[in-house]
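I have a structure here, written as structure tokens, and I will follow up with some questions on it.
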Amino acid sequence: MQQVAWPLLQAQQGPGHLLHWPLLRRGVARAQIGYNPGVTTYSPDSDVLTGRREERKAHNREKLLLAARRVFATKGLGEATARDIVRQTDLATGTFYNYFDSKEDAFGALLQQLAAKARAAVREQRNRPGATLEERIHDAYYAYFELAVEDAELFAVFRRNAGVIAMMPGEDPFEAGLAELFADLGDWAVAGDLPNVDLGYLATAMIGTGFQLATQLADREPPNVEAAAQFCTRLFMGGIPALPEG
């Protein structure tokens with residue numbers, strides 16, 4: 001601890017006056033933390049505070065999205081309310097509007113979340129080096145169906161509200177995935193792996209088939225991801241004659 005000379009303290013407080021020991025300790029403590037007489041409070045590093053605040057905001061937003069999954073999957077967007085979502089968390093009612101403008105805003109965030117996860121999963125398989133065309137198609141479907149089964153609650157939001165999604169302006173969760181698939185099919189055609197067919201129709205058919213089969217898969221017990229992936233692969237590789245009987 002820093003030593004302070006008593007004569008100096010006496011001189012500062014006037015003749016015959018000694019600074020009380022608790023005040024001395026406080027003064028030394030202030031000196032040790034860089035006390036500035038012109039500043040009345042001591043603030044921790046602002047970057048640390050900002051980091052913690054952003055971390056807390058991200059955590060609260062994720063809480064709300066997880067709650068929104070359950071609400072939208074069971075009630076649907078039309079019947080659900082922001083209050084329904086907040087009630088599934090330990091947050092105050094007004095907190096919802098710190099993160100989302102409306103229930104539609106939260107719904108859109110969930111759609112983007114599912115679409116991003118699905119696109120990343122399938123495109124990784126479609127672009128796998130050294131794989132044959134059949135392997136790429138099979139593995140992409142497998143990854144998509146596996147996601148639908150493993151994250152059934154999030155997929156249920158998509159499925160439960162499919163009609164609503166189709167009517168929402170600017171909310172097409174398939175659009176980005178369709179564009180990526182079209183680009184991949186184009187690369188395969190250039191490489192000679194695909195015949196000269198309408199790639200726009202093909203991409204749309206592949207995505208539509210995958211989504212509809214995923215909804216069927218979710219209703220089956222147990223869901224057979226491999227069987228669904230094989231069905232789609234054979235359908236697009238050889239047409240109906242290539243499909244297994246029964």
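The values are calculated or read from the model by the stated rules, or taken from the named source; none is laboratory data. Just so it is clear, the structure is predicted and the values come from calculations on it, not from any experiment. Cβ: placed from backbone, ideal geometry, glycine included. Neighbour counts: every protein chain shown.
Would you mention how many residues in the range 221-233 are assigned to a helix (DSSP H, G or I) and modelled with pLDDT under 95?
Looking only at the range 221-233, we keep the residues that are assigned to a helix (DSSP H, G or I), and these are 225-233.
Of the ones still in play, those that are also modelled with pLDDT under 95 are none.
The total comes to 0.
Starting from residues that are over 13 Å from PHE100 (Cβ atoms), at pLDDT 85 or above and of a type outside the set (D, E, K, R), keep the ones in the range 37-66 and report whichever is surrounded by the fewest Cβ atoms within 10 Å (Cβ to Cβ).
HIS59
Can you tell me which residues in the range 79-91 are of a type in the set (Val, Ile, Thr) and loosely packed, with under 15 Cβ neighbours inside 10 Å?
Looking only at the range 79-91, we keep the residues that are of a type in the set (Val, Ile, Thr), and these are 81, 85-86, 89.
Correct list: THR81 only.
Continuing with this model, one more query. For the condition at positive phi and loosely packed, with under 13 Cβ neighbours inside 10 Å, what is the one hit in GLY94, GLY76, GLY130? So that I can check it myself, show each step before the final result.
On the way: GLY94 fails: at positive phi; GLY76 fails: loosely packed, with under 13 Cβ neighbours inside 10 Å.
Going through GLY94, GLY76, GLY130 in turn, the sole match is GLY130.
Let me ask something additional. Could you list, in sequence order, all residues of the range 81-98 that are under 26 Å from GLU150 (Cβ atoms) and touching a residue at least 24 places away in the same chain (Cβ under 8 Å)?
The first filter runs over the range 81-98 and keeps only residues under 26 Å from GLU150 (Cβ atoms), leaving 84-85, 88-89.
THR89, the sole residue that qualifies.
Per-residue answers, yes or no, for (1) more than 16 Å from ILE165 (Cβ to Cβ); (2) more than 14 Å from the chain's Cα centre (by Cα); (3) among the charged types (D, E, K, R):
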{"site": "LEU64", "(1), (2), (3)": "yes, no, no"}
{"site": "ARG70", "(1), (2), (3)": "yes, yes, yes"}
{"site": "LYS75", "(1), (2), (3)": "no, yes, yes"}
{"site": "ALA80", "(1), (2), (3)": "no, yes, no"}
{"site": "THR93", "(1), (2), (3)": "yes, yes, no"}
{"site": "TYR97", "(1), (2), (3)": "yes, yes, no"}
{"site": "ASP101", "(1), (2), (3)": "yes, yes, yes"}
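Right, next: I need the helices (runs of 4 or more DSSP H) fully contained in the range 146-192, keeping only those with at least 2 residues that are buried (at least 18 other Cβ atoms within 10 Å of the Cβ).
Values: elements: 152-160, 162-167, 175-190.
Result: 152-160, 175-190.
Determine the pairs where a residue that is at pLDDT below 90, located within the range 199-220, has a partner that is surrounded by 12 or more Cβ atoms within 10 Å (Cβ to Cβ) and of a type in the set (D, E, K, R) with Cβ atoms under 8 Å apart, the partner being 6 or more residues away or on another chain.
THR215/ARG159; ALA218/ARG159
Also: Picking from PHE182, PHE155, PHE174, which residue would you name as being touching a Leu at 6+ places or on another chain (Cβ under 8 Å), of a type in the set (A, V, I, L, M, F, W, C) and in contact (Cβ under 8 Å) with a residue 40 or more places away in the chain? Outline the logic, then answer.
Values: PHE182 fails: in contact (Cβ under 8 Å) with a residue 40 or more places away in the chain; PHE174 fails: touching a Leu at 6+ places or on another chain (Cβ under 8 Å).
That would be PHE155, the only listed residue that is touching a Leu at 6+ places or on another chain (Cβ under 8 Å), of a type in the set (A, V, I, L, M, F, W, C) and in contact (Cβ under 8 Å) with a residue 40 or more places away in the chain.
Still on this structure, I have one more. In the range 87-117, which residue that is at pLDDT 90 or above and of a type in the set (S, T, N, Q) is nearest to PHE158 (Cα to Cα)?
Looking at the filtered set, the residue picked out is SER102.
Going through ARG69, ARG25 one at a time, which residue ends up being at pLDDT below 95 and farther than 24 Å from ALA156 by Cα?
Details: ARG69 fails: farther than 24 Å from ALA156 by Cα.
Result of the check over ARG69, ARG25: ARG25.
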